[in-house]
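So the structure is just underneath, and the comments pick up after that.
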Amino acid sequence: MRAMDPAPAPAAGKMRFDSPAFRVHEDGRVERFFGTDTTQPGFDAATGVTSKDVVLDGATGVFARLYLPAALPDGPGRWSRLPILVYFHGGGLVLGSAASQMYHGYLNSVVARAGVLAVSVDYRLAPEHPIPAAYEDSWMALTWAASRVGDPWLSEHGDAGRIFLAGDSGGANIVHNMAIMAGTRSTDQDGLPAGALVEGAILLHPMFGGKEPVDGEAADTRYHMEKLWALICPDGDGLGVDDPRLNPMAPGAPSLRALAGRRLLVCSAERDFARARAAAYYEAVKGSGWPGTSEWLESPREYHGFFLLQPERDESSVLMDRVVAFLSGE
């Protein structure tokens with residue numbers, strides 16, 4: 001995601017990575033210039049949503065921020081429970097937090113409008129915690145939410161038979177990987193608990209890469225992704241940006257037919273630097289024989305992550321409406 005402010009003046013000394021959003025010094029020290037603000041959970045008067053933080057792993061500090069809407073269902077059977085939305089924040093797997101004001105506000109709005117119980121995952125960030133840490137933390141959080149035994153909100157109000165995965169940018173990359181893992185792992189092989197079911201997945205401005213260009217992809221986008229992936233996944237068996245976790249269409253990648261869920265929504269923007277890869281992914285899923293229903297939404301004249309940075313924009317409202325409709329089964 002783009003930082004709104006310019007980068008600070010370059011610091012003295014050699015850099016392993018230098019960008020407007022973050023900087024990695026040769027000694028391993030990391031400076032982040034975006035996504036470091038946090039806010040406390042609690043009751044949100046504007047939406048009526050209540051949130052709280054739950055530590056999932058005391059050793060690593062990984063936690064999830066849970067969101068519960070004001071209006072709880074009172075229908076019979078499964079309709080007395082809420083769909084569970086597991087959300088993975090963006091930031092290129094290097095930036096961001098489930099506790100940031102930006103994501104806190106976004107999840108409050110989604111939960112209030114869609115009537116879901118949200119679990120926003122605060123996974124460990126690279127480069128301090130290189131890949132696969134983010135994927136391992138995210139899978140732990142997903143299986144924890146699907147079990148419905150770790151928190152009373154989940155046990156009393158969550159429907160593990162209606163799980164949605166969603167995320168933006170690097171978080172959307174996690175969504176793809178979680179959907180593949182959920183679709184290929186059995187219950188007795190570290191898969192989702194019995195009875196848990198992924199209903200759908202939402203990829204918002206996803207972060208993908210690859211050695212071979214795709215239609216419409218700029219050369220500098222591939223160059224910057226190569227540098228970023230080398231930083232966050234230094235031990236990638238020599239695959240580089242053709243690591244299947246970053247390039248779902250790479251040789252040897254799991255078949256896209258294995259994606260968990262019955263519905264898929266892929267969203268991008270006309271001026272999103274990652275648009276070409278998002279479109280290629282959407283077309284690859286459609287052409288893979290995956291039996292689910294796939295949808296594409298492209299926001300005209302907009303850029304990467306605009307709906308989070310400027311939620312008041314008209315196209316942000318259009319995108320929010322589409323996300324809410326998807327979660328509501330419309």
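Hull surface divided by four, with the convex hull built on the Cα atoms of region 156-203: how many nm²? Walk me through the intermediate numbers first.
Working: hull surface 14.5 nm².
Computed as one quarter of the Cα hull surface, the answer is 3.6 nm².
Taking the 0 to 90 degree range and rounding to the nearest ten, how far is the long axis of helix 170-184 tilted relative to the main principal axis of the chain, both from C-alpha atoms?
It works out to around 60 degrees.
Can you give the angle from 0 to 90° between the axis of helix 133-147 and the longest principal axis of the chain, with both taken from C-alpha atoms, to the nearest 10?
Relative to the chain, helix 133-147 is tipped by roughly 0 degrees.
Compute the distance from the alpha-carbon center of region 68-145 to that of region 237-277, in whole Å.
Rounded to whole Å, the Cα centres lie 21 Å apart.
Counting just the Cα atoms, what span does region 172-247 cover along each of its three principal axes? Round to the nearest Å and put the largest first.
Answer, in whole Å and largest first: 45, 27, 17 Å.
Cross-link partners among aspartates and glutamates for K227, C-alpha distance below 18 Å, same-chain residues fewer than 8 apart left out?
The qualifying aspartates and glutamates are D18, E26, D27, E31, E128, E212, E217, D235, D237, D242, D243.
Take every Cα-Cα distance within region 80-122, group them into 5 Å bins from 0 onward, and report for each bin the whole-number percent of pairs it holds.
Spelled out per bin, shortest first, that is 6, 23, 31, 21, 11, 5, 2, 1.
Rounded to the nearest 10 degrees, what's the angle between the helix 219-232 long axis and the longest principal axis of the chain, both from Cα atoms, 0 to 90?
Approximately 70 degrees, to the nearest 10.
Taking 8 Å as the Cα distance limit and 6 or more residues as the minimum spacing, I'd like the relative contact order of the chain as a percentage.
Details: 678 pairs, mean separation 46.4, N = 330.
Relative contact order here is 14 percent.
Would you mind getting the Kirkwood hydrodynamic radius of region 216-309 from its Cα pairs, rounded to one decimal in Å? Kindly include the intermediate steps, with their values, before the conclusion.
Numbers: mean 1/r = 0.0682 Å⁻¹.
After inverting the mean inverse Cα-Cα distance, the result is 14.7 Å.
Would you mind getting the accessible area per residue of the chain, heavy atoms of the protein chains only, 1.4 Å probe, in Å²? Walk me through the intermediate numbers first.
Details: 13830 Å² over 330 residues.
Value returned for the chain: 42 Å² of accessible area per residue.
Percent of Cα-Cα pairs per 5 Å bin, from 0 to the last occupied bin, for region 25-79, please list those.
4, 13, 12, 15, 17, 14, 9, 6, 4, 2, 2, 1
Grab the eigenvalues of the alpha-carbon gyration tensor for the chain, scale each by 5, take roots, and send me the semi-axes largest first in whole angstrom. The partial results should precede the final answer.
On the way: eigenvalues 171, 103, 82 Å².
After scaling each eigenvalue by five and taking roots: 29, 23, 20 Å.
To the nearest 0.05, how large is the calculated FRET efficiency for D188 and E295 if R₀ is 30 Å and r is the Cβ-Cβ distance? Mind dumping the intermediate values first?
On the way: r = 33 Å, r/R0 = 1.10.
With R0 = 30 Å, the Cβ-Cβ based efficiency is 0.35.
What does the helix-only formula give at 222 nm for the chain: each DSSP H stretch with n ≥ 4 adding -39500 (n - 2.57), the total divided by the residues, and the result rounded to the nearest 500 deg cm²/dmol? The partial results should precede the final answer.
Values: 8 runs with 95 residues, N = 330.
My calculation for the chain gives -9000 deg cm²/dmol from helical runs alone.
What is the distance, in nm, between label points placed 7 Å from the Cα along the Cα-to-Cβ direction at R271 and at Q101?
2.4 nm
Whose amide H sits under 5 Å from the amide H of R262, counting only residues 5 or more places off or on another chain, with H placed in the peptide plane?
Result for R262 returns G200.
The values are calculated or read from the model by the stated rules, or taken from the named source; none is laboratory data. Treat the numbers as computed from the prediction; the structure is a model and nothing was measured. For neighbour counting, all protein chains shown are included, and Cβ atoms are generated from backbone atoms with ideal geometry for every residue, glycine included. Note: areas computed on protein heavy atoms with side chains; ligands, DNA, RNA excluded. Shrake-Rupley method; radii C 1.70, N 1.55, O 1.52, S 1.80 Å.
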